[in-house]
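The values are calculated or read from the model by the stated rules, or taken from the named source; none is laboratory data. The shown structure was predicted, so the numbers you read here are calculated from the model rather than taken from an experiment. Cβ sites come from the backbone with ideal geometry, for glycine too, and all protein chains shown count toward neighbours. Surface areas here come from the heavy atoms of the whole protein model, side chains and all, with no ligands, DNA or RNA. Shrake-Rupley method; radii C 1.70, N 1.55, O 1.52, S 1.80 Å.
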Amino acid sequence: IKIYSLHVECKVTSRFAHTVITSKIVNRANESREANFEVELPKTAFITNFSMSIDGKVYPGIIKEKASAQKEYNTAVSHGQSAGLVKITSRKLEQFHVSVSIAASSKVTFELTYEELLKRQLGKFELLIKVRPKQLVKHFQIDVHIFEPQGIRFVETDSTFMTNELTEALTKVQNETKAHILFKPTVDQQKINPELEETLLNGDFVVRYDVKRGATAGDIQIVNGYFVHYFAPHEMPVFPKNVVFVIDRSGSMAGRKIEQTRDALLKILQDLRPEDHFSFITFNSKVVEWKSSLLQATAENVASAAGFVRTLSASGGTDINRALLTAVSGLDKAERLTERSVSMIILLTDGQPTSGENNVEVIQENIQKAVNGKYALFCLGFGFDVSYKFLEKMALSNGGIARRIYENADAALQLQGFYQEVATPILMKIEMQYPENAVEGLTQNHFKLFFEGSEVIVSGKISNELDLLPVEIKAQSHTSDLTLKEEANVKEKEQVFQNQSYVFGNFIERLWAYLTIQQLLEKSISAQEEDQKALEAQALDLSLRYSFVTPLTSMVVTKPAGQQQMELANKPTEAG
């Protein structure tokens with residue numbers, strides 16, 4: 001079985017990435033063999049299309065509502081569940097894997113398409129392409145086109161498998177608003193060494209870039225009546241933070257996990273700003289406060305905290321409820337905090353609540369009542385014994401986010417990386433306002449906090465008659481209350497994309513649908529049951545209308561007669 005062609009074709013238009021992976025395989029054996037198609041794609045992406053064609057006959061994947069797809073599958077396949085075609089493989093990736101049996105000297109072409117909105121983190125967008133053909137490929141290429149009307153500030157590529165020879169196969173062309181990256185190694189360049197038929201291509205191929213930002217009120221782009229508004233202020237004064245770190249030191253954290261936690265916390269302590277206030281709470285079945293109140297991050301206090309962190313050891317149960325309530329009351333009681341500052345609680349745990357209150361619903365209720373919208377709660381779940389669902393719901397209900405920390409060598413870096421994302425709040429209470437009568441289907445347009453290096457994105461549909469789209473942004477910075485105004489000329493904005501050959505049609509409409517689905521699903525996590533149903537129904541409707549494989553839909557893949565006729569591709573979620 002020989003892969004004779006493997007193409008990764010990626011178009012990024014204004015942060016929205018559309019990737020098509022095409023693999024062509026021939027069976028050189030004199031009997032039928034299994035041809036495999038294995039793709040790792042970002043978890044943040046939605047699959048939108050898949051097909052395989054065997055000797056000219058096309059077998060398309062059909063996207064349906066999950067329950068009805070499952071029912072159809074159960075009828076067709078008498079022997080119960082198949083493993084499904086998609087599974088989570090690592091911190092950032094999931095894998096789509098399908099195999100089909102093809103006759104001697106037959107050919108099969110697999111094609112998978114997925115889309116995602118690139119998210120700005122720490123000042124850059126990242127496009128991650130996983131490369132693992134497992135054999136030498138005669139025609140191999142990665143072709144990335146980026147078009148950013150705002151202008152491209154820089155673009156860089158990075159890869160975990162580059163050698164000097166392979167670098168020669170990489171070209172990068174860039175002008176004001178476009179970049180083209182082509183990686184096209186010959187068979188010889190792909191070899192580990194000339195004698196061996198083994199490939200070097202195994203790992204990550206990453207493109208990172210950022211855009212230029214001129215206008216203070218962000219940048220608006222419009223295509224076919226849909227708009228997207230990007231807002232990413234920079235060089236603003238940073239809000240002082242009041243941070244309570246709530247650290248699990250129950251028995252299951254013993255060994256490597258607590259070591260990695262200590263390493264990460266020591267680095268994070270160095271990153272605190274002198275005007276920040278902070279405190280530590282550690283817990284097993286007992287809750288211990290490092291100090292009775294939050295302290296300013298002076299050199300002396302940081303050094304004393306480092307001493308405390310070095311002594312962290314792990315044993316005993318897990319009383320998440322009391323630990324978090326102690327953190328909240330610490331912030332409630334805190335005195336001498338800076339007038340305009342941002343308060344947050346960062347919880348790190350690796351297990352289920354086992355001591356004190358251990359009903360997760362009751363804990364969620366207690367914490368939400370105590371926090372009462374005053375502070376942001378971030379929940380980091382270490383490893384796979386946590387109830388991620390519980391942590392995610394608790395974080396989203398309290399203005400924060402949840403993140404899983406994967407138990408491997410870089411766990412300390414994952415923890416630090418997360419802290420860096422939330423370390424520099426520069427705006428709070430951001431309101432993105434548009435004329436009510438002229439805009440519909442608006443995605444989320446008010447945000448509690450904005451962190452340096454990220455980006456606010458709002459999208460919606462404008463009514464036909466509109467010539468000018470006025471926008472107003474209100475927010476609080478550390479030093480003042482801001483109001484920013486801007487007017488977008490609809491006709492002029494539409495013109496920008498008119499003559500771009502590789503802009504894929506209605507991409508802002510698809511971007512709007514992608515963002516709306518993501519936000520509906522996120523909202524449904526912390527919603528009451530009846531609201532949850534309505535939010536999911538809306539998200540399902542959009543998933544079907546724009547053909548996205550989301551947690552509410554399935555793609556049904558059929559195969560030629562005589563093989564397992566049907567398989568399902570579902571979207572896995574971090575909460576399982």
- Item | So residue 295, is it within 33 Å of the chain's Cα centre (by Cα) and closer than 22 Å to residue 337 by Cα | no
- Task: With respect to residue 161, determine if the residue is assigned to a strand (DSSP E or B), aromatic (Phe, Trp, Tyr) and touching a residue at least 24 places away in the same chain (Cβ under 8 Å).
- Result: no
- In this structure, does residue 405 turn out to be aliphatic (A, V, I, L, M), over 23 Å from the mean Cα position of the chain (by Cα) and assigned by the TED database to the domain that holds residue 264? no
- Message: Return the residues of the stretch 322-341 that are open to solvent by less than 20 Å² (accessible area, probe 1.4 Å) and either under 21 Å from residue 392 (Cα atoms) or without any contact (Cβ under 8 Å) to a residue 60 or more places away in the chain (or both); say none if nothing qualifies.
- Response: 323, 324, 327, 328
- Message: Suppose we filter 70, 95 for residues that are closer than 30 Å to residue 410 by Cα and more than 14 Å from the chain's Cα centre (by Cα); which single one remains?
- Response: 95
- Message: Suppose the filter is without any contact (Cβ under 8 Å) to a residue 12 or more places away in the chain, over 20 Å from residue 528 (Cβ atoms), in the same structural domain as residue 255 (by the TED database) and open to solvent by 30 Å² or more (accessible area, probe 1.4 Å); does residue 372 pass it?
- Response: no
- Query: On the given criteria, is residue 144 modelled with pLDDT of 95 or more, touching a His at 6+ places or on another chain (Cβ under 9 Å), open to solvent by less than 30 Å² (accessible area, probe 1.4 Å) and under 30 Å from residue 63 (Cα atoms)?
  - Reply: yes
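Return a yes/no flag: does the stretch 111-131 have any residue that is over 24 Å from the mean Cα position of the chain (by Cα) and either open to solvent by 10 Å² or more (accessible area, probe 1.4 Å) or at pLDDT 95 or above (or both).
Of the residues in the stretch 111-131, the ones over 24 Å from the mean Cα position of the chain (by Cα) are none.
There is no residue in the stretch 111-131 that is over 24 Å from the mean Cα position of the chain (by Cα) and either open to solvent by 10 Å² or more (accessible area, probe 1.4 Å) or at pLDDT 95 or above (or both).
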- Just wondering, is there one or more residues in the stretch 48-55 that are open to solvent by 40 Å² or more (accessible area, probe 1.4 Å) and part of a loop (DSSP other than H, G, I, E, B)? yes
- Query: Given the conditions (1) closer than 23 Å to residue 75 by Cβ; (2) open to solvent by 20 Å² or more (accessible area, probe 1.4 Å), which single one is not true for residue 541?
  - Reply: (1)
- Message: Out of everything in the stretch 184-224 that is assigned to a strand (DSSP E or B) and of a type in the set (A, V, I, L, M), what residue ends up being farthest from residue 2 (Cα to Cα)?
- Response: 220
- Message: I'd like the full set of residues that are part of a loop (DSSP other than H, G, I, E, B) and open to solvent by 30 Å² or more (accessible area, probe 1.4 Å), limited to the stretch 435-453.
- Response: 435, 441, 442, 444, 445, 452
